[in-house]
Amino acid sequence: DFENVRFTYPGANGPAIDGVSLTVRRGEIVALVGPNGSGKTTLMSLLLRFYDPQEGRILIDGRDTRRITLRSLRESMSLVTQEAIIFAASMAENIAYGARSAPRDRIELAARRAYADEFIRALPEGYETVCGDRGTTLSGGQRQRLSIARAILRDAPILIFDEATSQIDAESEQKIQTALEGFSSGRTTFVIAHRLSTIRFAHRIVVLDKGRVVDTGKHEELLDR
């Protein structure tokens, strides 16, 4: 639950989030859409407590997130960012980041569900192949699929996915879309959406503009309006 949430960045002329109230049900897939600067990423940053609201509050299962330890809060979430963070480590180690004790079979299962297994096995040393720093040896689509595999392995009840498809070919985009649809089923999911293809499978679309919710509904309803 977002209850009349307001937040202004230091030195900004106006609020980035301006009185947002929104209730998301358990297992619901919500797409956040709107122009650049509309508040999509800021709203998710507040959910993760990278910042706290200056007014209003955010609750999970009725509990104010400011009264939950950061570790407990963030253990309940998986985050796939617009720029996939890849380390100079093996493919297996990159997937297991955040779930270090995961056995190899679970790592490989997560990779298969993220459609990453196919390109990993084609590498000279498979899962032991070391990525270049920041994933420079991988394509944009491969980096994103590794990041999704990491989220799948973590298996948190809340998923935040900041869609990034500007540098991804059509085949990779389709695989990412399929992986996301499969993994988000039954999981509370927020998708910061930039393309129409991502929006279609959402249960609800929330339209933001200038830090405010200006409309909500299903894809067809919003097109009609």
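What number of residues within the range 109-137 satisfy the criterion of being closer than 20 Å to VAL80 by Cα, of a type outside the set (Phe, Trp, Tyr) and either open to solvent by 90 Å² or more (accessible area, probe 1.4 Å) or under 21 Å from the mean Cα position of the chain (by Cα) (or both)?
13
Determine which member of the set GLU93, GLU55, GLU83 is closer than 20 Å to GLU163 by Cα and of a type in the set (D, E, K, R).
That would be GLU83, the only listed residue that is closer than 20 Å to GLU163 by Cα and of a type in the set (D, E, K, R).
From the residues in the range 147-169 that are outside any helix (DSSP H, G or I) and of a type in the set (D, E, K, R), which one is modelled with the highest pLDDT?
Top of the filtered list is ASP155.
Please specify each residue of the range 68-112 satisfying the condition of being acidic (Asp, Glu) and out of contact with any helix residue (DSSP H, G or I) (no Cβ under 8 Å at 6 or more places or on another chain).
Within the range 68-112, GLU75, GLU83, GLU93, ASP105 qualify.
List, please: which pairs have Cβ atoms under 6 Å, are six or more places apart or on different chains, and start with a residue in the range 209-224 that is touching a residue at least 40 places away in the same chain (Cβ under 8 Å) and end with one that is hydroxyl-bearing (Ser, Thr, Tyr)?
ASP209/SER38
Being assigned to a loop (DSSP other than H, G, I, E, B), at pLDDT 90 or above and crowded, with 16+ Cβ neighbours inside 10 Å is the filter here; which residues of the range 170-225 pass it?
Once the filter is applied, which keeps residues that are assigned to a loop (DSSP other than H, G, I, E, B), at pLDDT 90 or above and crowded, with 16+ Cβ neighbours inside 10 Å, the range 170-225 yields ARG187, GLY211.
Based on what the data block shows, is GLN144 surrounded by fewer than 18 Cβ atoms within 10 Å (Cβ to Cβ) and either of a type in the set (Lys, Arg) or outside any loop (DSSP other than H, G, I, E, B) (or both)?
The answer is no for GLN144.
Kindly check whether there is at least one residue in the range 78-101 that is of a type outside the set (A, V, I, L, M, F, W, C), part of a helix (DSSP H, G or I) and either surrounded by fewer than 17 Cβ atoms within 10 Å (Cβ to Cβ) or in contact with a Leu (Cβ under 9 Å, 6 or more places away or on another chain) (or both).
Within the range 78-101, one or more residues are of a type outside the set (A, V, I, L, M, F, W, C), part of a helix (DSSP H, G or I) and either surrounded by fewer than 17 Cβ atoms within 10 Å (Cβ to Cβ) or in contact with a Leu (Cβ under 9 Å, 6 or more places away or on another chain) (or both).
How many of the residues making up the range 3-50 are in contact with a Leu (Cβ under 8 Å, 6 or more places away or on another chain), open to solvent by 20 Å² or more (accessible area, probe 1.4 Å) and within 24 Å of ARG67 (Cβ to Cβ)?
2
The values are calculated or read from the model by the stated rules, or taken from the named source; none is laboratory data. Here the structure is a predicted model, which means the values were calculated and not measured. Using ideal geometry, Cβ is built from the backbone for each residue, glycine included, and neighbour counts are taken over all protein chains shown. SASA here: full protein model, heavy atoms, side chains in, ligands and nucleic acids out. Shrake-Rupley method; radii C 1.70, N 1.55, O 1.52, S 1.80 Å.
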